[in-house]
Amino acid sequence: MKTLVVAEHVRGQLRPISLELITAAKSLGGPVELAVIGADPASFADALNVEGVDEILTVKVDRDEFESDVYQQVVEHLIAERSPRVVLLGFTVNSMGYAPALAAKLGTGFASDVFALRDEGGQLVAERSFYGAKVNGEIDFPGHERVIALVRATAWPPAEGAGSATMTDVAVETTASRTRHTNWVEVQAGDVDITTCDFLLSVGRGIGDKENLEQFEELADSMGAVISSSRPLVDAGWMPSARQVGQSGKTVKPKVYLALGISGAVQHLAGMKTSGTIIAVNTDPEAAIFNVAHYGAVADLFEVAEELEKLY
Ligand SMILES: Cc1cc2nc3c(=O)[nH]c(=O)nc-3n(C[C@H](O)[C@H](O)[C@H](O)COP(=O)(O)OP(=O)(O)OC[C@H]3O[C@@H](n4cnc5c(N)ncnc54)[C@H](O)[C@@H]3O)c2cc1C
């Protein structure tokens, strides 16, 4: 299936989803064309020239940063010019700003938050969750010759290996944008992006009290981990929202996810179940977190923390 991938970048950095989209596109059998849009799109070409990409389309626009209606016009132009069967974008705030509108305008099939895709006899089938991630379902697109799909971050591994894509500059006339990016609001000083961490120590309501948080922050520090949490701790104002893992928080995929006192509600699992190694500590042997954990201890988290403190 001919697939057009739209790369994402922010402040001069390629977003990891761009390479994950390439892996997803490759799984559909190709050819794979990749569009990169920006003031200096060629600066991303080397990083995007990985195995499996047939052609990189660089589209120069007079915007350094993402603008929803500029991207919409460019992607609409590329769809008309290139006729891809499938268009893959990240399931990100940026794409959500214009891809549904584009799908409605062009009358294409559409699916968001997709974590699996396959070509079934020439028809695209996508998988996503429904009802607050309680069930997974398959979507097909009868009657649609084209589908725009927004892909969940971390659902596919990033593409790698040197590529041999051809480079093509594509000129697209865009009308004046109705919006203009003006500035960035920095995250709270000292805060980190938990989606890029290798080792997360995640705490849940099992820690009992806000006063106990400090102990786990110190433990995370000494273990070389970054602290994250389930939602109730954020709702209670104990943790900043940037540290929340789950459906309404961040989707993370660290090498190690250590869950202390987290029950494993579907909304939490939606954000961490693809982590490399999941270790869970919970006093309840029936806790759902054990269904996704590679290692589990039915134990009091404070006792486990005490033992870990002796080691680190
Ligand atoms: C629309 C929607 C979106 C949501 N989004 C998110 C989200 O993004 N992220 C998220 O996390 N949740 C989310 N939730 C909430 C979710 O449903 C759960 O309520 C939440 O994940 C529970 O958090 P928890 O596991 O910390 O708490 P609990 O479910 O209360 O679990 C606490 C666990 O700690 C264990 N425990 C208690 N004491 C100890 C001890 N001393 N030692 C060891 N274990 C102990 C208990 O056995 C229990 O399993 C969402 C809900 C909705 C409806």
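The values are calculated or read from the model by the stated rules, or taken from the named source; none is laboratory data. Everything numeric here is computed off the predicted structure, so don't read it as measured data. Note: ideal-geometry Cβ built from the backbone for every residue, glycine included; neighbour counts use all protein chains shown. The accessibility values were calculated without ligands, DNA or RNA, using every heavy atom of the protein model including side chains. Shrake-Rupley method; radii C 1.70, N 1.55, O 1.52, S 1.80 Å.
Figures for the structure shown
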| read-out | value |
| --- | --- |
| Accessible-area composition of region 88-167, carbon plus sulfur, in percent [1.4 Å probe] | 54 percent |
| Ellipticity estimate at 222 nm from DSSP helix runs (n ≥ 4, -39,500 (n - 2.57)) divided over the chain, nearest 500 | -6500 deg cm²/dmol |
| Cα gyration tensor shape for region 167-298, rounded if a/c is under 1.5, else prolate or oblate | prolate |
| Sites matching chymotrypsin sites (Phe, Trp or Tyr not before Pro) across region 114-163 that sit in DSSP coil, with at most 16 neighbouring C-beta atoms within 10 Å | TYR131 |
| Longest DSSP-loop-exposure-free segment, trypsin sites (Lys or Arg not before Pro), the chain, at most 13 other Cβ within 10 Å | 12-133 |
| Length gained when the stretch ALA176-ASN291 is fully extended (0.36 nm per residue, less Cα-Cα span) | 36.2 nm |
| Under DSSP loop assignment and at most 12 Cβ neighbours within 10 Å, longest GluC sites (Glu not before Pro)-free interval of the chain | 1-144 |
| Heavy-atom accessible area per residue - region 1-141, 1.4 Å, Å² | 39 Å² |
| More than 17 angstrom apart: percent of Cα pairs within region 254-312 | 35 percent |
| Gain in span if fully extended, SER248 to ASP119, counting 0.36 nm per residue against the direct Cα distance | 43.4 nm |
| For region 1-66 versus region 230-281, the gap between their alpha-carbon centres in whole angstrom | 30 Å |
| Shape category assigned to the chain from the gyration tensor of Cα positions, a/c cut at 1.5 | prolate |
| Mean accessible surface per residue for region 157-293, computed with a 1.4 Å probe while every protein chain stays in place, in Å² | 54 Å² |
